[in-house]
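The values are calculated or read from the model by the stated rules, or taken from the named source; none is laboratory data. Computed from a prediction, not measured in an experiment: that's the story for all the values here. Glycine also receives a Cβ, built like all others from the backbone with ideal geometry; neighbour counts cover every protein chain displayed. Protein only, heavy atoms only, side chains kept; ligands, DNA and RNA dropped before computing areas. Shrake-Rupley method; radii C 1.70, N 1.55, O 1.52, S 1.80 Å.
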Amino acid sequence: MTAEMVAPAWMHEQITAEEYESWSEEQCAGIEIVDGMVVVSPSASKRHNRLARLLANALDAAAGPDWNADTDFDVRLQDVPLTNRRPDVIVYRADTIDITPTRPEHVLLVAEVVSPGSETTDRIVKADQYAKAGIGFYWRIEQAATGTPLVYTYLLDPATRTYREGDVFAGTLKITAPFAAEIDLGRV
């Protein structure tokens, strides 16, 4: 049995931005594109989705009218080779809500909820890609064994395009940047 018999040919070839833009929403759901290659993401757990939704709702309320916070849509990090990531939470300029694709210059903050199987990608790979793309803030939410989420915050150093470590929060975030907010993720 060949790989083509198990998976469609497009999963074995680099795709371009133009090809990706011709796909339906159903084809784009549950995937990311990294260096032109399709990466399939497994469905997230209810706890993962709840953490992302609670965080997005709280950030949306705290951000004010200039920013929106939403979950699970493509951020185009680069066109060639095509790289689209789907952060769990994205804070982006409200005036870009109808602009597709969403680009790093539209985005203030991305957050990833780490799940089994995404540890290396969320902790290292995505953080590096988001920093190189110039996204100002990166948050990583770890689902701790205690049940209380740990939130690691990072701030972009624009000179080096790397993230500096910020504060670590257990359950409740009390932040002043990128805007003031108190967010209780301990109620998951």
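Considered as a group, the residues in the range 1-28 that are assigned to a loop (DSSP other than H, G, I, E, B), modelled with pLDDT under 90 and open to solvent by less than 90 Å² (accessible area, probe 1.4 Å) include one that is farthest from residue 88 (Cα to Cα), and that residue is 2. The set of residues in the range 29-48 being surrounded by 15 or more Cβ atoms within 10 Å (Cβ to Cβ) and in contact with a Lys or Arg (Cβ under 9 Å, 6 or more places away or on another chain) consists of 31, 32, 33, 34, 41. Scanning the range 68-77 for any residue that is among the acidic types (Asp, Glu), modelled with pLDDT of 95 or more and either closer than 17 Å to residue 108 by Cα or loosely packed, with under 14 Cβ neighbours inside 10 Å (or both) turns up at least one such residue.
Looking at 101, 149, 178, which one is within 24 Å of residue 30 (Cβ to Cβ), over 15 Å from the mean Cα position of the chain (by Cα) and surrounded by 14 or more Cβ atoms within 10 Å (Cβ to Cβ)? Spell out the reasoning first.
Details: 101 fails: over 15 Å from the mean Cα position of the chain (by Cα); 178 fails: within 24 Å of residue 30 (Cβ to Cβ).
Testing whether each residue is within 24 Å of residue 30 (Cβ to Cβ), over 15 Å from the mean Cα position of the chain (by Cα) and surrounded by 14 or more Cβ atoms within 10 Å (Cβ to Cβ) leaves just 149.
In this structure, residue 111 does not satisfy being buried (at least 20 other Cβ atoms within 10 Å of the Cβ) and in contact with a Ser or Thr (Cβ under 7 Å, 6 or more places away or on another chain). Flag set for residue 51, criterion: farther than 21 Å from residue 156 by Cβ, in a helix (DSSP H, G or I) and within 14 Å of the chain's Cα centre (by Cα).
The residue that is most open to solvent (accessible area, probe 1.4 Å), counting only those in the range 166-175 that are farther than 18 Å from residue 90 by Cα and not hydroxyl-bearing (Ser, Thr, Tyr), is 174.
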